[in-house]
1. Let's see if you can work this out: charge +1 on each Lys and Arg Cβ, -1 on each Asp and Glu Cβ, no other charges. What is the dipole magnitude of segment B:126-198 about its Cα centre, in debye to the nearest 20?
2. Normalized C-alpha radius of gyration of segment B:8-54, against 2.2 N^0.38 Å?
3. Taking the label point 7 Å from Cα in the Cβ direction, how far apart in nm is A:N117 from each other copy of itself, listed shortest first?
4. From the alpha carbon gyration tensor of chain A, can you work out the equivalent ellipsoid semi-axes (sqrt of 5 times each eigenvalue) and give them in Å, largest to smallest?
5. Summing Lys, Arg as +1 and Asp, Glu as -1, what charge do residues with Cβ under 13 Å from the Cβ of B:Q89 carry, B:Q89 excluded?
6. Listed here are the pairs B:K57/B:K175; A:K150/A:K187; A:K88/B:K80; A:K155/B:K82; B:K88/B:K155; which of them are more than 28 Å apart at the Cα?
7. Nearest-to-axis residue of chain A, judged by Cβ, for the A-to-B rotation, with distance in whole Å?
8. Hey, what's chain B come to in accessible area per residue, 1.4 Å probe, Å²?
There are 2 protein chains.
Amino acid sequence: MGSKERIIRQKEDVKCKILTAAWQIVKNEGWQSLSMRKIADAIEYTAPIIYGYFENKEALLVEFTGKGFQNLACHLRAAKAKHRLPAKQLEAMWFAYWNFAFEEQEYYQLMFGVEVNCCEMGMNYPEDDLPGTIFSEVIQQLIDSSNNPKTDVCKKYYTFWSVIHGLICINIVRKGQSDELNQEILKDAITGIIRTITG
Amino acid sequence: MGSKERIIRQKEDVKCKILTAAWQIVKNEGWQSLSMRKIADAIEYTAPIIYGYFENKEALLVEFTGKGFQNLACHLRAAKAKHRLPAKQLEAMWFAYWNFAFEEQEYYQLMFGVEVNCCEMGMNYPEDDLPGTIFSEVIQQLIDSSNNPKTDVCKKYYTFWSVIHGLICINIVRKGQSDELNQEILKDAITGIIRTITG
DNA sequence: TACCTTTGCTTAACGGTGTTAAATACTTTA
DNA sequence: TAAAGTATTTAACACCGTTAAGCAAAGGTA
(Lines give C-alpha, C1' and ligand atoms only; values in the text may rest on other atoms or scores of the structure.)
Protein backbone atom coordinates (compact mmCIF):
# COMPACT_ATOMS: atom_id res chain seq x y z
CA MET A 1 0.00 0.00 0.00
CA GLY A 2 1.69 3.14 -1.27
CA SER A 3 -0.85 5.29 0.53
CA LYS A 4 1.10 4.89 3.76
CA GLU A 5 4.02 6.66 2.17
CA ARG A 6 1.82 9.35 0.73
CA ILE A 7 0.43 9.95 4.18
CA ILE A 8 3.79 10.26 5.90
CA ARG A 9 4.81 12.50 3.00
CA GLN A 10 1.78 14.67 3.71
CA LYS A 11 2.65 14.73 7.40
CA GLU A 12 6.15 15.81 6.56
CA ASP A 13 4.66 18.43 4.30
CA VAL A 14 2.57 19.90 7.09
CA LYS A 15 5.58 20.04 9.39
CA CYS A 16 7.42 21.89 6.68
CA LYS A 17 4.53 24.28 6.23
CA ILE A 18 4.50 24.99 9.96
CA LEU A 19 8.16 25.88 9.88
CA THR A 20 7.96 28.10 6.83
CA ALA A 21 4.85 29.86 8.13
CA ALA A 22 6.55 30.46 11.47
CA TRP A 23 9.64 31.74 9.73
CA GLN A 24 7.58 34.13 7.63
CA ILE A 25 5.95 35.55 10.75
CA VAL A 26 9.29 35.96 12.47
CA LYS A 27 10.80 37.66 9.44
CA ASN A 28 7.88 40.07 9.25
CA GLU A 29 7.11 40.71 12.89
CA GLY A 30 9.97 39.34 15.00
CA TRP A 31 10.20 36.50 17.49
CA GLN A 32 8.16 38.34 20.10
CA SER A 33 5.04 38.21 18.01
CA LEU A 34 5.26 34.57 16.93
CA SER A 35 2.33 32.60 18.30
CA MET A 36 0.91 29.15 17.79
CA ARG A 37 -2.42 30.56 16.68
CA LYS A 38 -0.78 32.81 14.11
CA ILE A 39 1.12 29.89 12.66
CA ALA A 40 -2.07 27.83 12.57
CA ASP A 41 -3.91 30.64 10.83
CA ALA A 42 -1.20 30.92 8.21
CA ILE A 43 -1.38 27.23 7.32
CA GLU A 44 -5.19 27.21 7.55
CA TYR A 45 -5.42 24.90 10.52
CA THR A 46 -6.21 25.40 14.18
CA ALA A 47 -3.56 25.74 16.84
CA PRO A 48 -3.68 22.29 18.46
CA ILE A 49 -2.57 20.44 15.34
CA ILE A 50 0.89 21.96 15.73
CA TYR A 51 1.32 19.87 18.86
CA GLY A 52 1.19 16.81 16.65
CA TYR A 53 4.45 17.94 15.10
CA PHE A 54 6.17 19.80 17.92
CA GLU A 55 5.84 19.03 21.59
CA ASN A 56 5.48 22.71 22.39
CA LYS A 57 6.53 26.15 21.26
CA GLU A 58 9.95 25.70 22.84
CA ALA A 59 10.57 22.63 20.67
CA LEU A 60 9.72 24.69 17.61
CA LEU A 61 12.28 27.30 18.63
CA VAL A 62 14.86 24.62 19.29
CA GLU A 63 14.27 23.36 15.75
CA PHE A 64 15.07 26.83 14.43
CA THR A 65 18.11 27.07 16.68
CA GLY A 66 19.42 23.86 15.14
CA LYS A 67 18.75 25.14 11.64
CA GLY A 68 20.56 28.34 12.57
CA PHE A 69 23.66 26.53 13.74
CA GLN A 70 23.75 24.38 10.63
CA ASN A 71 23.31 27.48 8.51
CA LEU A 72 26.14 29.23 10.33
CA ALA A 73 28.40 26.20 10.02
CA CYS A 74 27.69 26.21 6.31
CA HIS A 75 28.76 29.84 5.97
CA LEU A 76 31.90 29.22 8.01
CA ARG A 77 32.97 26.25 5.92
CA ALA A 78 32.33 28.15 2.70
CA ALA A 79 34.46 31.04 3.94
CA LYS A 80 37.22 28.67 4.97
CA ALA A 81 37.20 26.95 1.60
CA LYS A 82 38.02 30.20 -0.15
CA HIS A 83 41.52 30.39 1.33
CA ARG A 84 44.49 28.16 2.02
CA LEU A 85 46.48 29.93 4.71
CA PRO A 86 45.01 29.40 8.22
CA ALA A 87 45.39 33.09 9.06
CA LYS A 88 43.42 34.07 5.95
CA GLN A 89 40.88 31.33 6.61
CA LEU A 90 40.35 32.54 10.15
CA GLU A 91 39.90 36.10 9.03
CA ALA A 92 37.40 35.12 6.35
CA MET A 93 35.53 32.91 8.81
CA TRP A 94 35.07 35.65 11.37
CA PHE A 95 33.88 38.01 8.68
CA ALA A 96 31.46 35.32 7.56
CA TYR A 97 30.30 35.02 11.18
CA TRP A 98 29.78 38.77 11.29
CA ASN A 99 27.81 38.80 8.06
CA PHE A 100 25.69 35.87 9.15
CA ALA A 101 24.70 37.74 12.30
CA PHE A 102 23.18 40.56 10.29
CA GLU A 103 21.98 38.79 7.16
CA GLU A 104 20.29 36.14 9.28
CA GLN A 105 19.62 38.37 12.27
CA GLU A 106 16.54 36.44 13.35
CA TYR A 107 18.57 33.26 13.55
CA TYR A 108 21.38 34.97 15.42
CA GLN A 109 19.04 36.46 17.97
CA LEU A 110 17.47 33.13 18.72
CA MET A 111 20.76 31.25 18.79
CA PHE A 112 22.50 33.59 21.18
CA GLY A 113 19.71 35.18 23.17
CA VAL A 114 19.97 38.68 21.78
CA GLU A 115 16.78 40.35 22.86
CA VAL A 116 15.83 43.31 20.78
CA ASN A 117 12.44 44.25 22.14
CA CYS A 118 13.32 44.49 25.79
CA CYS A 119 12.85 48.25 26.06
CA GLU A 120 13.24 49.68 22.59
CA MET A 121 16.83 49.84 23.69
CA GLY A 122 18.06 52.53 21.34
CA MET A 123 18.85 54.89 24.18
CA ASN A 124 15.64 56.00 25.84
CA TYR A 125 17.30 58.59 27.97
CA PRO A 126 20.59 60.48 27.97
CA GLU A 127 21.69 58.68 31.11
CA ASP A 128 21.65 55.44 29.15
CA ASP A 129 24.98 56.37 27.64
CA LEU A 130 26.52 57.34 30.95
CA PRO A 131 29.04 54.47 30.88
CA GLY A 132 30.16 55.67 27.47
CA THR A 133 30.89 59.19 28.65
CA ILE A 134 32.60 58.08 31.83
CA PHE A 135 34.85 55.64 30.02
CA SER A 136 35.56 57.99 27.13
CA GLU A 137 36.75 60.64 29.56
CA VAL A 138 39.42 58.35 30.98
CA ILE A 139 40.34 56.93 27.59
CA GLN A 140 40.83 60.46 26.30
CA GLN A 141 43.19 61.22 29.18
CA LEU A 142 45.16 58.11 28.35
CA ILE A 143 45.35 59.12 24.70
CA ASP A 144 46.44 62.64 25.56
CA SER A 145 49.41 61.39 27.53
CA SER A 146 50.37 58.83 24.88
CA ASN A 147 52.52 58.75 21.76
CA ASN A 148 49.61 58.81 19.29
CA PRO A 149 47.42 61.68 20.45
CA LYS A 150 45.09 61.49 17.46
CA THR A 151 43.75 58.04 18.32
CA ASP A 152 39.96 57.76 18.02
CA VAL A 153 38.41 57.57 21.51
CA CYS A 154 35.18 56.17 20.20
CA LYS A 155 36.92 53.31 18.45
CA LYS A 156 38.90 52.35 21.51
CA TYR A 157 35.83 52.54 23.70
CA TYR A 158 33.85 50.26 21.42
CA THR A 159 36.72 47.83 21.22
CA PHE A 160 36.87 47.60 25.01
CA TRP A 161 33.14 47.41 25.31
CA SER A 162 32.74 44.77 22.63
CA VAL A 163 35.15 42.29 24.09
CA ILE A 164 33.90 42.68 27.65
CA HIS A 165 30.22 42.80 26.79
CA GLY A 166 30.69 39.82 24.51
CA LEU A 167 32.41 37.80 27.21
CA ILE A 168 29.68 38.72 29.67
CA CYS A 169 26.91 37.69 27.28
CA ILE A 170 28.55 34.38 26.56
CA ASN A 171 28.85 33.70 30.26
CA ILE A 172 25.30 34.71 31.10
CA VAL A 173 23.65 32.84 28.26
CA ARG A 174 25.84 29.77 28.15
CA LYS A 175 26.63 29.58 31.82
CA GLY A 176 29.37 27.44 33.24
CA GLN A 177 32.48 28.84 31.61
CA SER A 178 35.76 28.43 33.42
CA ASP A 179 36.33 31.38 35.72
CA GLU A 180 40.08 31.33 35.35
CA LEU A 181 39.76 31.44 31.58
CA ASN A 182 37.38 34.38 31.85
CA GLN A 183 39.73 36.32 34.07
CA GLU A 184 42.66 35.57 31.79
CA ILE A 185 40.83 36.71 28.69
CA LEU A 186 39.49 39.76 30.48
CA LYS A 187 42.88 40.80 31.77
CA ASP A 188 44.63 40.08 28.47
CA ALA A 189 42.07 42.02 26.50
CA ILE A 190 42.14 45.06 28.78
CA THR A 191 45.90 45.32 29.04
CA GLY A 192 46.18 44.55 25.31
CA ILE A 193 43.90 47.37 24.28
CA ILE A 194 45.47 49.78 26.76
CA ARG A 195 48.82 48.97 25.20
CA THR A 196 47.48 49.82 21.74
CA ILE A 197 46.63 53.25 23.14
CA THR A 198 49.77 54.01 25.09
CA GLY A 199 51.74 52.64 22.14
CA MET B 1 -3.60 71.73 54.82
CA GLY B 2 -0.76 69.32 55.45
CA SER B 3 -2.88 66.37 54.45
CA LYS B 4 -2.06 67.12 50.83
CA GLU B 5 1.56 66.42 51.52
CA ARG B 6 0.76 63.29 53.42
CA ILE B 7 -1.23 62.07 50.46
CA ILE B 8 1.49 62.70 47.92
CA ARG B 9 3.89 61.06 50.37
CA GLN B 10 1.61 58.02 50.44
CA LYS B 11 1.42 58.00 46.67
CA GLU B 12 5.18 58.11 46.48
CA ASP B 13 5.23 55.27 48.98
CA VAL B 14 3.01 53.09 46.82
CA LYS B 15 5.20 53.75 43.80
CA CYS B 16 8.18 52.69 45.83
CA LYS B 17 6.37 49.57 46.99
CA ILE B 18 5.55 48.67 43.40
CA LEU B 19 9.20 48.95 42.44
CA THR B 20 10.52 46.93 45.36
CA ALA B 21 7.86 44.24 44.90
CA ALA B 22 8.70 44.01 41.21
CA TRP B 23 12.39 43.80 41.98
CA GLN B 24 11.81 41.03 44.49
CA ILE B 25 9.89 39.01 41.91
CA VAL B 26 12.61 39.53 39.32
CA LYS B 27 15.34 38.54 41.76
CA ASN B 28 13.46 35.38 42.67
CA GLU B 29 11.95 34.33 39.35
CA GLY B 30 13.56 36.38 36.58
CA TRP B 31 12.22 39.00 34.23
CA GLN B 32 10.20 36.50 32.23
CA SER B 33 7.90 35.81 35.11
CA LEU B 34 7.28 39.38 36.18
CA SER B 35 3.63 40.29 35.72
CA MET B 36 1.41 43.18 36.71
CA ARG B 37 -0.89 40.90 38.66
CA LYS B 38 1.99 39.40 40.62
CA ILE B 39 3.23 42.84 41.58
CA ALA B 40 -0.29 43.86 42.60
CA ASP B 41 -0.63 40.71 44.71
CA ALA B 42 2.63 41.42 46.47
CA ILE B 43 1.58 44.93 47.49
CA GLU B 44 -1.97 43.79 48.30
CA TYR B 45 -3.69 45.74 45.56
CA THR B 46 -5.23 44.82 42.25
CA ALA B 47 -3.43 45.13 38.95
CA PRO B 48 -5.03 48.29 37.51
CA ILE B 49 -3.75 50.58 40.28
CA ILE B 50 -0.23 50.14 38.92
CA TYR B 51 -1.34 52.08 35.87
CA GLY B 52 -1.80 55.08 38.12
CA TYR B 53 1.96 55.08 38.69
CA PHE B 54 3.34 53.68 35.45
CA GLU B 55 1.81 54.11 32.04
CA ASN B 56 2.38 50.46 31.26
CA LYS B 57 4.70 47.55 31.95
CA GLU B 58 7.24 48.93 29.50
CA ALA B 59 7.47 52.15 31.52
CA LEU B 60 8.15 50.12 34.62
CA LEU B 61 10.99 48.34 32.86
CA VAL B 62 12.36 51.62 31.59
CA GLU B 63 12.42 52.85 35.20
CA PHE B 64 14.56 49.86 36.13
CA THR B 65 16.78 50.42 33.13
CA GLY B 66 17.44 53.93 34.35
CA LYS B 67 18.18 52.71 37.86
CA GLY B 68 20.55 50.15 36.35
CA PHE B 69 22.50 52.75 34.43
CA GLN B 70 22.79 54.97 37.48
CA ASN B 71 23.92 52.00 39.53
CA LEU B 72 26.53 51.08 36.94
CA ALA B 73 27.76 54.66 36.73
CA CYS B 74 28.13 54.61 40.50
CA HIS B 75 30.30 51.50 40.37
CA LEU B 76 32.42 52.93 37.58
CA ARG B 77 33.08 56.19 39.40
CA ALA B 78 33.97 54.33 42.59
CA ALA B 79 36.43 52.16 40.70
CA LYS B 80 37.95 55.19 39.03
CA ALA B 81 38.36 56.98 42.35
CA LYS B 82 40.57 54.21 43.66
CA HIS B 83 43.42 55.02 41.26
CA ARG B 84 45.24 57.99 39.86
CA LEU B 85 46.86 56.78 36.66
CA PRO B 86 44.39 56.70 33.74
CA ALA B 87 45.62 53.26 32.69
CA LYS B 88 44.97 51.87 36.16
CA GLN B 89 41.66 53.68 36.35
CA LEU B 90 40.56 52.22 33.05
CA GLU B 91 41.54 48.73 34.11
CA ALA B 92 39.69 49.04 37.40
CA MET B 93 36.65 50.46 35.66
CA TRP B 94 36.35 47.58 33.22
CA PHE B 95 36.72 45.11 36.03
CA ALA B 96 34.00 47.00 37.88
CA TYR B 97 31.86 46.78 34.75
CA TRP B 98 32.48 43.05 34.63
CA ASN B 99 31.57 42.57 38.29
CA PHE B 100 28.46 44.68 37.93
CA ALA B 101 27.26 42.46 35.11
CA PHE B 102 27.26 39.41 37.36
CA GLU B 103 26.48 40.88 40.76
CA GLU B 104 23.55 42.79 39.28
CA GLN B 105 22.81 40.34 36.54
CA GLU B 106 19.11 41.19 36.42
CA TYR B 107 19.96 44.82 35.77
CA TYR B 108 22.51 43.93 33.16
CA GLN B 109 20.13 41.67 31.29
CA LEU B 110 17.48 44.35 31.15
CA MET B 111 19.88 47.13 30.22
CA PHE B 112 21.53 45.31 27.35
CA GLY B 113 18.92 42.85 26.16
CA VAL B 114 20.62 39.65 27.27
CA GLU B 115 17.92 37.05 27.05
CA VAL B 116 18.54 34.02 29.18
CA ASN B 117 15.36 32.02 28.74
CA CYS B 118 15.20 31.93 24.99
CA CYS B 119 15.85 28.23 24.65
CA GLU B 120 17.54 27.09 27.82
CA MET B 121 20.59 28.00 25.80
CA GLY B 122 23.15 25.90 27.59
CA MET B 123 23.83 23.79 24.53
CA ASN B 124 20.77 21.72 23.75
CA TYR B 125 22.49 19.65 21.12
CA PRO B 126 26.05 18.84 20.13
CA GLU B 127 25.63 20.77 16.89
CA ASP B 128 25.17 23.93 18.95
CA ASP B 129 28.91 24.08 19.42
CA LEU B 130 29.69 23.51 15.78
CA PRO B 131 31.13 27.00 15.30
CA GLY B 132 33.47 26.34 18.22
CA THR B 133 34.87 23.17 16.73
CA ILE B 134 35.20 24.62 13.23
CA PHE B 135 37.03 27.69 14.47
CA SER B 136 39.18 25.78 16.94
CA GLU B 137 40.40 23.52 14.16
CA VAL B 138 41.76 26.44 12.17
CA ILE B 139 43.08 28.22 15.23
CA GLN B 140 44.97 25.05 16.16
CA GLN B 141 46.55 24.92 12.71
CA LEU B 142 47.63 28.51 13.11
CA ILE B 143 49.12 27.76 16.52
CA ASP B 144 50.95 24.70 15.23
CA SER B 145 52.70 26.71 12.55
CA SER B 146 53.56 29.54 14.96
CA ASN B 147 56.36 30.40 17.36
CA ASN B 148 54.40 29.56 20.53
CA PRO B 149 52.96 26.13 19.91
CA LYS B 150 51.61 25.72 23.41
CA THR B 151 49.09 28.56 23.12
CA ASP B 152 45.66 27.71 24.48
CA VAL B 153 43.22 27.27 21.58
CA CYS B 154 40.22 27.69 23.81
CA LYS B 155 41.39 31.02 25.13
CA LYS B 156 42.07 32.40 21.71
CA TYR B 157 38.72 31.20 20.43
CA TYR B 158 36.86 32.86 23.27
CA THR B 159 38.81 36.05 22.78
CA PHE B 160 37.82 36.15 19.12
CA TRP B 161 34.26 35.20 19.89
CA SER B 162 33.85 37.72 22.68
CA VAL B 163 34.89 40.73 20.72
CA ILE B 164 32.92 39.83 17.63
CA HIS B 165 29.82 38.65 19.46
CA GLY B 166 29.97 41.72 21.65
CA LEU B 167 30.20 44.04 18.68
CA ILE B 168 27.31 42.24 17.02
CA CYS B 169 25.12 42.49 20.12
CA ILE B 170 25.81 46.17 20.52
CA ASN B 171 24.86 46.75 16.91
CA ILE B 172 21.70 44.68 17.04
CA VAL B 173 20.40 46.09 20.31
CA ARG B 174 21.50 49.69 19.92
CA LYS B 175 21.15 49.94 16.18
CA GLY B 176 22.60 52.75 14.19
CA GLN B 177 26.32 52.43 14.81
CA SER B 178 28.67 53.73 12.16
CA ASP B 179 29.46 50.98 9.67
CA GLU B 180 32.97 52.19 8.99
CA LEU B 181 33.75 52.15 12.71
CA ASN B 182 32.40 48.61 12.99
CA GLN B 183 34.50 47.38 10.11
CA GLU B 184 37.59 49.07 11.52
CA ILE B 185 37.13 47.56 14.96
CA LEU B 186 36.34 44.19 13.48
CA LYS B 187 39.39 44.15 11.24
CA ASP B 188 41.68 45.51 13.94
CA ALA B 189 40.48 42.96 16.48
CA ILE B 190 40.81 40.00 14.14
CA THR B 191 44.25 40.88 12.83
CA GLY B 192 45.31 41.85 16.35
CA ILE B 193 44.36 38.51 17.87
CA ILE B 194 45.83 36.60 14.94
CA ARG B 195 49.08 38.45 15.55
CA THR B 196 49.07 37.37 19.19
CA ILE B 197 48.93 33.78 17.93
CA THR B 198 51.49 33.94 15.14
CA GLY B 199 53.73 35.96 17.47
C1' DT C 1 -23.41 -3.81 3.73
C1' DA C 2 -23.08 -2.92 8.68
C1' DC C 3 -20.20 -2.24 12.49
C1' DC C 4 -16.20 -0.89 14.95
C1' DT C 5 -11.88 1.40 15.39
C1' DT C 6 -8.72 4.56 14.26
C1' DT C 7 -7.25 9.00 12.60
C1' DG C 8 -7.43 14.12 11.74
C1' DC C 9 -9.20 17.98 13.04
C1' DT C 10 -11.99 21.40 15.57
C1' DT C 11 -14.28 23.32 19.49
C1' DA C 12 -14.15 24.43 24.13
C1' DA C 13 -11.89 25.15 28.01
C1' DC C 14 -8.13 26.36 31.69
C1' DG C 15 -5.13 29.47 33.48
C1' DG C 16 -2.24 32.95 32.32
C1' DT C 17 -0.82 37.71 30.16
C1' DG C 18 -1.32 43.34 29.50
C1' DT C 19 -4.72 46.72 29.49
C1' DT C 20 -9.13 49.47 29.66
C1' DA C 21 -13.91 50.82 31.06
C1' DA C 22 -17.46 50.54 34.20
C1' DA C 23 -18.97 50.08 38.81
C1' DT C 24 -18.38 50.57 43.61
C1' DA C 25 -16.74 52.39 47.95
C1' DC C 26 -14.73 55.97 50.38
C1' DT C 27 -13.33 60.91 51.37
C1' DT C 28 -13.57 65.49 50.88
C1' DT C 29 -16.01 69.64 50.01
C1' DA C 30 -20.08 72.75 49.87
C1' DT D 1 -26.65 66.16 54.72
C1' DA D 2 -25.94 66.17 49.78
C1' DA D 3 -22.85 66.53 46.04
C1' DA D 4 -18.46 66.05 44.03
C1' DG D 5 -14.28 63.88 43.64
C1' DT D 6 -11.03 60.20 44.33
C1' DA D 7 -9.40 55.54 45.25
C1' DT D 8 -9.97 50.91 44.38
C1' DT D 9 -12.10 46.85 42.57
C1' DT D 10 -14.69 44.11 39.33
C1' DA D 11 -15.49 42.83 34.78
C1' DA D 12 -14.27 42.62 30.45
C1' DC D 13 -11.38 42.38 25.99
C1' DA D 14 -8.08 40.33 23.32
C1' DC D 15 -4.47 37.87 23.38
C1' DC D 16 -1.13 33.80 24.89
C1' DG D 17 0.37 28.32 25.42
C1' DT D 18 -1.66 24.14 26.21
C1' DT D 19 -4.90 20.19 27.01
C1' DA D 20 -9.21 17.42 26.89
C1' DA D 21 -13.36 16.38 24.82
C1' DG D 22 -16.12 15.95 20.76
C1' DC D 23 -16.94 15.11 15.95
C1' DA D 24 -16.57 13.50 11.32
C1' DA D 25 -14.45 11.07 7.85
C1' DA D 26 -11.65 6.98 6.57
C1' DG D 27 -10.04 2.16 7.26
C1' DG D 28 -10.44 -2.45 8.43
C1' DT D 29 -13.29 -6.50 9.56
C1' DA D 30 -17.29 -9.58 9.93
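The values are calculated or read from the model by the stated rules, or taken from the named source; none is laboratory data. Just so it is clear, the model here is predicted, and its values are computed rather than measured. Glycine gets a Cβ as well: all are built from the backbone with ideal geometry, and neighbour counts include every protein chain shown. Surface areas here come from the heavy atoms of the whole protein model, side chains and all, with no ligands, DNA or RNA. Shrake-Rupley method; radii C 1.70, N 1.55, O 1.52, S 1.80 Å.
1. Roughly 260 debye, rounded to the nearest 20.
2. So segment B:8-54 has a normalised radius of gyration of 1.08.
3. From this label point to the equivalent ones elsewhere in the assembly: 1.4 nm.
4. Sorted largest first and rounded, they come to 44, 22, 15 Å.
5. Value of the local net charge: +3.
6. Over 28 Å Cα-Cα: A:K88/B:K80.
7. Closest to the axis: A:G166, 1.
8. 51 Å²
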